[in-house]
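Derivation of every value follows stated rules applied to the coordinates shown; laboratory data play no part. Quantities reported herein were computed from a predicted structural model and do not represent experimental measurements. Methodologically, a virtual Cβ is constructed for each residue, glycine included, from the backbone with ideal geometry; neighbour enumeration extends over all protein chains shown.
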Amino acid sequence: MSIVITKLTKRFGKNLVVNNLSAEVNDGELFVLLGGSGSGKSTILRIIAGLTQPNTGTIVLNGKDVTALPPQARGTGFVFQNYSIFRHMTAAENIQFGLRIRRIPGAQRRQRSEELLDLVGLAGLGARFPDQLSGGQQQRVALARALAYQPAVLLLDEPFGALDVKIRAQLRRTLKDIQRRLKVTTILVTHDQEEAFELADQIGVIERGSLIETGSPEDLYHRPRTEFVANFIGGSNVLTAQTHGDRMRIGSADLPLPQGSRRNGSQMPVRILFRPETVLLQAEPFAVDSGVIVLGQGRITERVFAGSQQRIRLELEGLQGDRPLVGERHYGQRAAQIEAVRPSELHPQFHFVKGQKLWVGLTQYHILEASGFKILICSEEGRGDEAIAEFGFRLAETAGGRSTILTVVDSAASESSTREKLERLRGLWLERLGDLELRIRQGTPIEEILLEVQESHYDLVILGRHARSHETMGLGKTVRHLLEQLRMPVLIVQKPRSTLARILICSAVGEPGKADVHIGGRLASLTGALATVLHVGHPGETPEQRRRAEQHLHAALSTLEAMGVTSESKIREEPALEHILREVEEGEYDLVVIGAPAPRATRRLRWHDLAEQIVKGAHRPVLVVPMVE
Amino acid sequence: MTTNTQGNSSRTSGLLPVSFLLMVLLPLLLMPLGAIYVFAVRGGLSGFLATLRQPDAQFALRFSLLIAFSTSLLNGVLGTFTAYVLAKHRFQGREALSVIVNLPVAIPTVVVGTSLLLLWGPIGLLGQFLDPVGIQPMFAPFGVLLAHLFVTFPYMLGAVKPVLDELEVTYEEAAYTIGANRWQAFRFVILPALRGGLFSGSLLTFAHSLGEFGATVMVSGNLRLRTQTAPLYIFAQFEAGNIATANSVAAILATLSFVLFFVLLRFTERRSQRLT
């Protein structure tokens, strides 16, 4: 094992850049760290080189722990995006620099630099100064310079980022050749998936400082574990299939569940992935014995010519699921969106035209790991919060998710008794939940909860609201602060409900929220609950406003339906609070979802009033969803 | 078309503003400089050389050159170090410090002289403790050097810091990963990149030191054959009515300054050409 990274964490101020990351790179392997900008990938590389100090964690290079060593003592070869060739030295002098530092005799140095110039394809250009070389040539010098002293590992930080496409492709081939020939263990950081595919033996996909998944390019493309990787790499179609027993239903097709993905729940949604190039399209229905999984008949909504291939987008009625295009979800669309690609042809046999109806089928698909719902239950010490914890566990159980229970203690002394209590609780639930983590942190609740949320990615945070704060008027300082700072769904529980059969989604204030419909729908689809969307309008609404509200409701219902949720809508008029509370009582809802508009001071005041009133008046768990974007 | 003719006409009618400018500049800049040379050679070449051969004049010129050289050398090191620290390190009070180190440009040199006297002079804040043990920095060559270091401090900094600021962090980091320690990275990677800045900074410092008057006259005590720099000598000779003597030294100083200035000009021109 040439590079072993263990539990690496790095913070810049309050920002968690690398999050408890562990990875291993085998001898002679080219490992690509693939991630978007700001994912922390460059920081990891810099930590390996010793240019940045980690907060915790260790780096082992070729069996030696180098965590405490300065960059000079690590023997890494580092190639920067901006080349960083020494401008006052010739190409040869640049390459010889590492040897000069190591006091290698001149003749030997010159011989080595000749070899390397040859290796990187710059033979004869050793006497040139950097400003007499092109960008690509400079980067070749940088590569030679990093290889000159036979480094333990080679680290490349977006090395081709500043070059144009043609040069980039040439340099990629050179790098691949050299790496294969020298068998030097290499980590390359990039945001370019094409580059990753072409170069990597192994790819590690990184997001928000965490390594999401590691695997060979083919595995990550065809058999990703997570939906994130499925969407991040390549074009993807992800649909929801419903399981029943050891089979699952998708569209009109009924398939056996592959071994290993069977779960005990009777009706569980599973996410299946198929790539655009594997989608079958034809005008006539598929033959019965063709072995094709027929998704149904779809209508072409878009055809895009993209050079070597054409992208065809289709809408399929009657399919449950949605196609998450990169960075964008189709809101308000009942039909599933499917993307297919076909090679471009000079004389096509078949013309794809917008509006055309085609049969859509599959022969291969891959089942993604259940993403489930990741829930953080914040339990406060000594306040009889078990009921709230149990509510969280039940929610996790019905939603098929994972949960973490967090207690913040103020001193080390009270930690053991807290742990004892939590362990007992865990013992009671472990069998039903399977995945239940305990977390005890020391400090002030607000800060520690914020940190926990930063370090692990949760879908939902559950906060208890105590009888004690009934006396005071507001939500309590902790809850209020967290609501303002978390920027994620917060479920405020004061009186836990034992079931989750009906969900009320309110779009009473601010702009109609898509986020609250999505999260309410996700919960409903996971738990099989019935969802009701409630809109409260002004009495003096113009017909235009009225129409928009109805449109929004319609879109919300379509979205919910596409997620496989049974839903209905209701329209009420102001006053909002009174109607919401009455609806909650009459409809026997178990959960109220309200959207929080963007935190603008004036709005926030009014919204907090309403949220507080609903929490206080409804005596139900209330899920507050911040507006994203 | 219209713009073209306008461009042409403005170019031809440029004769008027140019001649006006010359009329202003002639008495303002050119004629005074010419006057130095006219007066310097009035007594003939032999007279010119004779005045220069006087021991006082010889000392003043040598002393000035020595001070200017030492100042350039010391401020070269000090200014580069300051620039390096200010450019590469982030610390509390960094902003304040970068203002302070540039302050000498804005302070009248006479005030600089006064403040040095008030610190190091026999009754000064620190000088009062040195005086009893027989150390007197003021009214001595060392005092002159101190004054010159103070006055010319920003020039080196101003020439080196922009170069350092432009140098990417990765430049130095590359050297570290290759195996260079801090000193080697500075010596082999940073310093060579600063060559241009160091050269022009030193020339500027040298030129300014050569002509320094205000602070020098305060701290030197104007002692002939001990602390008298060339500008002070010129002033003293003028006061005593020895116009020809004063002028000879002045002509030498002016010539030196011209030469320095042209070297600097040529150098910066070449650099800017190379950069484009």
What FRET efficiency, computed as 1/(1 + (r/R0)^6) with R0 = 56 Å and r the Cβ-Cβ distance, is obtained for A:A107 and B:L73, rounded to the nearest 0.05?
0.90
For B:V263, B:V217, what ranking results if the residue with the fewest other Cβ atoms within 10 Å of its Cβ goes first?
B:V263, B:V217
Proxy reagent accessibility, fewest Cβ within 10 Å first, across B:S98, A:S507
B:S98, A:S507
At 7 Å along the Cα-to-beta-carbon direction for both A:E284 and A:V4, put a label point, then send me their distance in nm to one decimal.
6.2 nm
Cα-based reach from A:K570 at 12 Å (exclusive), listing aspartates and glutamates while leaving out same-chain residues under 8 positions away:
A:E550, A:E583
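List B:Y37, B:Y233, B:Y176 from most exposed to least, where exposure is judged by having the fewest other Cβ atoms within 10 Å.
Starting with the residue having the fewest Cβ neighbours, the order is B:Y37, B:Y176, B:Y233.
Once the piece of chain linking A:E386 and A:V60 is laid out straight, how much longer is it, given 0.36 nm per residue of separation minus the C-alpha distance between them?
Once the chain is fully extended between A:E386 and A:V60, it gains 113.0 nm.
Where does chain A land at 222 nm, in deg cm²/dmol rounded to the nearest 500, when only DSSP H runs of n ≥ 4 count, each adding -39500 (n - 2.57), divided by all residues?
On the way: 17 runs with 205 residues, N = 629.
Here the helix-only value at 222 nm equals -10000 deg cm²/dmol.
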With +1 on the Cβ of every Lys and Arg and -1 on the Cβ of every Asp and Glu, the dipole magnitude of chain B about its Cα centre, in debye rounded to the nearest 20, is 500 debye
Nearest-0.05 FRET efficiency for A:Q53 and A:E420, computed from C-beta distance (R0 51 Å)
0.90
Please work out the C-alpha center-to-center distance from segment B:225-245 to segment A:528-546 and express it in whole Å.
95 Å
B:L65 versus A:T542: modelled label distance in nm, points set 7 Å from Cα along the beta carbon direction
8.8 nm
Once Rh for segment B:196-276 is found with the Kirkwood sum over Cα pairs, what is the Stokes-Einstein diffusion coefficient at 37 °C and 0.692 mPa s, in µm²/s?
229 µm²/s
Evaluated at 4 °C with a viscosity of 1.567 mPa s, what Stokes-Einstein diffusion coefficient in µm²/s does segment A:1-94 have when Rh comes from the Kirkwood expression over alpha-carbon pairs?
89 µm²/s
Taking the alpha-carbon set of segment A:41-122, what are its Rg and Dmax in Å?
15.2, 44
In nm, to one decimal, how far is the A:H351 label point from the A:K166 one, both placed 7 Å along Cα→Cβ?
3.5 nm
GNM on chain B, Cα springs under 10 Å; top mean-square fluctuation among B:H148, B:H208, B:H89 goes to B:H89
Where in chain B are the DSSP H helices whose alpha-carbon span along the long axis reaches 20 Å or more and whose Kyte-Doolittle mean is at least 0.5?
B:55-88, B:141-166, B:191-211, B:243-275
Output the 0 to 90 degree angle, nearest 10, between the alpha-carbon long axis of helix A:386-398 and the longest principal axis computed from the alpha carbons of chain A.
70 degrees
Pairs to check: A:K41/B:K161; A:K7/A:K421; A:K7/A:K374; A:K10/A:K183; A:K64/A:K176. Give those whose C-alpha atoms are more than 24 Å from each other in this structure.
A:K41/B:K161; A:K7/A:K421; A:K10/A:K183; A:K64/A:K176
Computed over segment A:43-192, the Cα gyration tensor eigenvalues, each multiplied by 5 and square-rooted, give semi-axes in Å (largest first) of 24, 19, 14
Antiparallel DSSP bridges in the protein assembly as shown: what percent, to the nearest 5?
50 percent
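What value does segment B:73-160 have for Rg/Rh, both radii from Cα atoms and Rh as Kirkwood defines it? Present the calculation step by step, with values, prior to reporting the outcome.
On the way: Rg = 14.8 Å, Rh = 14.2 Å.
Checking Rg against Rh, the ratio lands at 1.04.
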Can you tell me the orientation of helix A:514-527 relative to chain A, as the angle in degrees between its alpha-carbon axis and the longest Cα principal axis, to the nearest 10?
80 degrees
What Rg and what Dmax come out for segment A:130-189 when only alpha-carbon atoms are used, in angstroms?
11.3, 31
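Looking at segment A:482-546, I'd like the Rg to Rh ratio, where Rg is from alpha-carbon atoms and Rh is Kirkwood's inverse mean 1/r.
1.03
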Using only Cα atoms, find the angle between the long axis of helix A:135-147 and the longest principal axis of chain A, and express it within 0 to 90 degrees, rounded to the nearest 10.
80 degrees
In Å, the C-alpha Rg and Dmax of the protein assembly as shown are 38.8, 122
